[in-house]
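Before any comments, here is the structure.
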Amino acid sequence: MTPMLHHLLIAPIVLPLVAASIMLLMGERWRRVKIGINLASILGLLALTWYLLQQLDQGNFGQDGTAVAVYLLGNWPSWLGIVLAVDRLSLVMVLLSSALGLAVLVYSVARWDRAGAHFHPMLQFLLMGLNGAFLTGDLFNLFVFFELLLAASYGLILHGSGSMRIRAGLHYITVNLAASSLFLIGVSLMYSVTGTLSMADMAAGVGSLASQERMLFEAGAAVLGVAFLVKAAVWPLNFWLPSAYAAACPPVAAMFVIMTKVGVYSILRVWTLLFGPEAGESMLFGADWLLYGGMATIVFGAIGILSSQDLARMAGFSVLVSSGTLLAAVGFAEGQVTGAALFYLVVSTLSVAAFFMLIELVERGRTPAAAMLALTLEAFGAANPDPVDGPEVEVVGVAIPAAMAFLGLSFVFCALLMAGLPPLSGFIAKFALLSAVLNPLGLQENSQSLATGGTAQWIMLGLLIASGLFVVISMTRSGIRIFWAPQGRVVPRLRLMEAAPVGGLLTVCIVLTFYSGPVMRYMDDAARSLYAPQEYIQAVQTAPLVVRSEGGQP
């Protein structure tokens, strides 16, 4: 691998940083130029990440053909300096965040980027923080990138002003600041025991800790885990999410869908590294909290979906169901289950993000009076108001405008994907997840999973089926009220820039249906590497420094 290719590993962080810095120097009158810079940056991220993913999967970037590539910033050893560790999972997450960023950018250009100042640089800073969190190899810089993406999210959640948005935004900021404090406390306790912030070096020394040191290390890991669980929106620490996401403007809410996945990714990365097979007595520390906390989150989110009349809050509770499903799957501590969960992560993120943007387009055609009338009729059990006088005239062959056809089909696709019904990729993801959980042949004989007894598998089966049923009931109820109720319905005017992102994200989910085999194999490989962290640890610890010749060339 040439030095130039090696430097591409840091490009997903540097590219949005440069783009955001340039846009900050421009005034609001340079809006079109900012859009062009933003678009070029995100397209570059997509192309670059796809190239890195292909090269890494073929063993062209990792040391000695491994699937882990290491970049030492400042040319310092991993235990002393900043290190980036790139593997299959981290690149999938970077690719997912870039795809969401592209959809959000195109959707916001129609109107929302003008609702406040600095929308475009904040979006780039958010992408920089996300990519840095996915690629970093040490805990302190994970905290730094967390704070960077959170700082950008603070501005984005307040974008567009409004009293409800400000109120929900302040709650969001307060909760995340408290979680950041817990993050620092947990990292400090773990550093006091191990003397390093590198996750690979920390993982290599966990198994040799003395009993008193192990207790302090586990206490620090528990505090750090609480910070991650707040960001992953586990019950009961998720009270802030539905209101905050419902109050944010639609493109921001769509981008925020991946924010809970950052918490899930951090738990998966740190937990499998520090409490894997080499952790000794600390092996699978906290697995029961992840498993049953995730299940409780599914229950809370499913009840919220069923009880919500507002579509935005329904989408927020769908985020909770997705996050709870992922946390419970991680708690099973099985590579096959985690591989299916990673496929579910991609599908659920794309579908819920598309639904957040679709909500505004759907609600645009409903007048306040029509919405109030529909709710009143539903409350009193009247499907249709009584006719005035004279016979009711049956209308046959009413033409459906193209906008309504697009909105209706998109709504149906979102419902199928979020509920996990066939034939789309949401069903494949849930089926693969349940198959991995219930199939005994997929569990290792020496597994320490809490699901070994069988009870947790059946609980998980029931929760996934029930949550999908609740989504079907709620989406059907809302669909009938929105698309079939004739009172005051007007055909909304859609712009291509608004419809294209929704259609694009749903198209990706449909394409994943046909390519689910290769994608699942890739996810299984990523999961297996997580539960066999020796390759990751060795790649980071043995990463060579760049030796320069007398002429200054490497």
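Could you tell me whether any residue of segment 4-24 is within 19 Å of H118 (Cα to Cα), open to solvent by less than 20 Å² (accessible area, probe 1.4 Å), polar (S, T, N, Q) and at pLDDT 85 or above?
So far as segment 4-24 goes, no, none of its residues is within 19 Å of H118 (Cα to Cα), open to solvent by less than 20 Å² (accessible area, probe 1.4 Å), polar (S, T, N, Q) and at pLDDT 85 or above.
Taking the stated definitions as given, is V319 in contact with a helix residue (DSSP H, G or I) (Cβ under 7 Å, 6 or more places away or on another chain), within 16 Å of I459 (Cβ to Cβ) and assigned to a helix (DSSP H, G or I)?
Judged against the criteria, V319 is not a match.
Would you confirm whether or not segment 319-327 contains a residue that is touching a residue at least 24 places away in the same chain (Cβ under 8 Å), surrounded by 22 or more Cβ atoms within 10 Å (Cβ to Cβ), hydrophobic (A, V, I, L, M, F, W, C) and at positive phi?
no
Mind checking which residues of segment 99-113 are touching a Gly at 6+ places or on another chain (Cβ under 9 Å) and crowded, with 24+ Cβ neighbours inside 10 Å?
Selection gives A103 alone.
Scan segment 126-145 for residues that are touching a residue at least 60 places away in the same chain (Cβ under 8 Å), closer than 24 Å to L224 by Cβ and assigned to a helix (DSSP H, G or I) and jot them down.
Those that are touching a residue at least 60 places away in the same chain (Cβ under 8 Å), closer than 24 Å to L224 by Cβ and assigned to a helix (DSSP H, G or I): L126, M128, L130, N131, G132, A133, F134, L135, L139, L142.
In segment 243-272, what residues are under 9 Å from the mean Cα position of the chain (by Cα) and of a type outside the set (G, A, S)?
Within segment 243-272, M255, F256, V257, I258, M259, T260, K261, V262, V264, Y265 meet the criteria.
Kindly indicate whether V206 is at pLDDT 85 or above and in contact with a Leu (Cβ under 9 Å, 6 or more places away or on another chain).
no
Out of everything in segment 438-473 that is of a type in the set (A, V, I, L, M) and modelled with pLDDT under 85, what residue ends up being surrounded by the fewest Cβ atoms within 10 Å (Cβ to Cβ)?
L441
Out of everything in segment 194-253 that is of a type in the set (F, W, Y) and in contact (Cβ under 8 Å) with a residue 60 or more places away in the chain, what residue ends up being nearest to T297 (Cα to Cα)?
Within segment 194-253, the match that is nearest to T297 (Cα to Cα) is W235.
Taking only pairs six or more apart or across chains, which ones have beta-carbon atoms under 8 Å, a first residue in segment 338-354 that is surrounded by 24 or more Cβ atoms within 10 Å (Cβ to Cβ), and a second residue that is at pLDDT below 95 and not in a helix (DSSP H, G or I)?
Correct list of pairs: T338/F332; T338/Y531.
Hey, can you tell me all the residues within segment 491-504 that are within 13 Å of L361 (Cβ to Cβ) and in contact (Cβ under 8 Å) with a residue 60 or more places away in the chain?
Within segment 491-504, V491, P492, R493, L494, R495, M497, E498, A499, A500, P501, V502, G503 qualify.
When the residues of segment 273-308 are narrowed to those that are more than 19 Å from the chain's Cα centre (by Cα), among the hydroxyl-bearing types (S, T, Y) and in a helix (DSSP H, G or I), which ends up surrounded by the most Cβ atoms within 10 Å (Cβ to Cβ)?
My answer is S282.
The values are calculated or read from the model by the stated rules, or taken from the named source; none is laboratory data. Source: prediction; values computed, not measured. Cβ: placed from backbone, ideal geometry, glycine included. Neighbour counts: every protein chain shown. For accessibility, only protein heavy atoms count, side chains too; no ligands or nucleic acids. Shrake-Rupley method; radii C 1.70, N 1.55, O 1.52, S 1.80 Å.
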